[in-house]
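All remarks here apply to the structure that follows.
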Amino acid sequence: MPTTELYTTDPPPIPAGVDLRVYSNPICPFAQRADLILTAKKIPHDIVHVHLVRKPQWYLKLNPRGQVPFIDHKGQLLPESALVFEYLDDTFGEERLFGTDPMKRAAQKLLVQDFEKKFMGPLYGVFRGNNIEDNITSMTTMINKLEDLLKQNGKFLFGDKPCAADYLIWPHVERFPGAQIAMGQLNEAITKEKFPVFYAWMDCMLADEAVKATGRTPQQHADFMKVFVSGGEHAYDLNGKDYTIHARKEK
């Protein structure tokens, strides 16, 4: 079983010849956005996983937001998952996951913003037991919107292959079946019978090579979220990998 290095102490220096370092975390859905484009576009990079509970002081000095992903590309620093995704898309490779049409790029960004408001936030609200009925209603409204888009555009949100919008919303959709395992209300409200087009899109995404390389199983997500919501420290080993945590007591 592979071992993942997880740092609360100083990371190793950037290897010689590597232009891109990515500060990430193996269970964060926002970090997975960066993982997806790095994998899909086969971008050479070095990666340092930061412990998100025991955040080291060196990382907070480097990135005062303390969030992941965060990139260092030839000394240029950039936070925020959506910005990191777009920067990597514009900088590496000939093909653009956002495409080259400005209006289609804008349409994808607007969809992602709508998704974050109507599905992402409510999903985690349901898992925490907050405003369950209202949050489920918001999620189903967003799924209906996604279904309408898929019926119009094809297997994926904007065509016959995954684009930026597919990858940007996927990490939160990937965690949805995990929430279903723990929350009976979601099982009743959102089903394959009610939303067949949405579930067909999920199956297409699960067959994508970048998704397969970066994803976790619903049970792994459910087990992790249960510990996290209960107030426990991140139980990284629940994700099916061994972790070596490099730690020291911060001064």
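Here GLY154 meets each of (1) crowded, with 16+ Cβ neighbours inside 10 Å; (2) in contact with an Asp or Glu (Cβ under 6 Å, 6 or more places away or on another chain); (3) of a type outside the set (D, E, K, R) with one exception, condition (1).
With respect to (1) in contact with a strand residue (DSSP E or B) (Cβ under 6 Å, 6 or more places away or on another chain); (2) over 29 Å from LEU206 (Cβ atoms); (3) of a type in the set (Asp, Glu), the lone exception for ASP46 is condition (2). State whether one or more residues within the range 165-176 are of a type in the set (Ser, Thr, Tyr), part of a helix (DSSP H, G or I) and open to solvent by 20 Å² or more (accessible area, probe 1.4 Å). The answer is no, given that none of the residues of the range 165-176 is of a type in the set (Ser, Thr, Tyr), part of a helix (DSSP H, G or I) and open to solvent by 20 Å² or more (accessible area, probe 1.4 Å).
Counting only strands (runs of 3 or more DSSP E) that sit completely within the range 10-112, those holding 1 or more residues that are open to solvent by less than 10 Å² (accessible area, probe 1.4 Å) and modelled with pLDDT of 95 or more correspond to 20-24, 70-73.
One line per residue, one yes/no per condition, for (1) of a type in the set (Asp, Glu); (2) out of contact with any helix residue (DSSP H, G or I) (no Cβ under 6 Å at 6 or more places or on another chain); (3) free of Cβ contacts under 8 Å to residues at least 12 places away in the same chain:
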{"position": "PHE115", "(1), (2), (3)": "no, no, no"}
{"position": "GLY125", "(1), (2), (3)": "no, no, yes"}
{"position": "LYS145", "(1), (2), (3)": "no, yes, no"}
{"position": "LEU150", "(1), (2), (3)": "no, no, no"}
{"position": "LEU157", "(1), (2), (3)": "no, no, no"}
{"position": "GLU174", "(1), (2), (3)": "yes, yes, no"}
{"position": "ILE190", "(1), (2), (3)": "no, yes, no"}
{"position": "PHE198", "(1), (2), (3)": "no, no, no"}
{"position": "GLU209", "(1), (2), (3)": "yes, yes, no"}
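In the set ALA164, ALA222, only one residue is in contact (Cβ under 8 Å) with a residue 40 or more places away in the chain and closer than 16 Å to ALA40 by Cβ; that residue is ALA164. Just one of (1) outside any helix (DSSP H, G or I); (2) buried (at least 17 other Cβ atoms within 10 Å of the Cβ); (3) polar (S, T, N, Q) fails for ASN130. It is (2).
The values are calculated or read from the model by the stated rules, or taken from the named source; none is laboratory data. This one's a predicted model, so the numbers in the text were calculated from it and none came from an experiment. Cβ atoms come from the backbone with ideal geometry, glycine included; neighbour counts cover every protein chain shown. The area values use the complete protein model at the heavy-atom level, side chains included, leaving out ligands, DNA and RNA. Shrake-Rupley method; radii C 1.70, N 1.55, O 1.52, S 1.80 Å.
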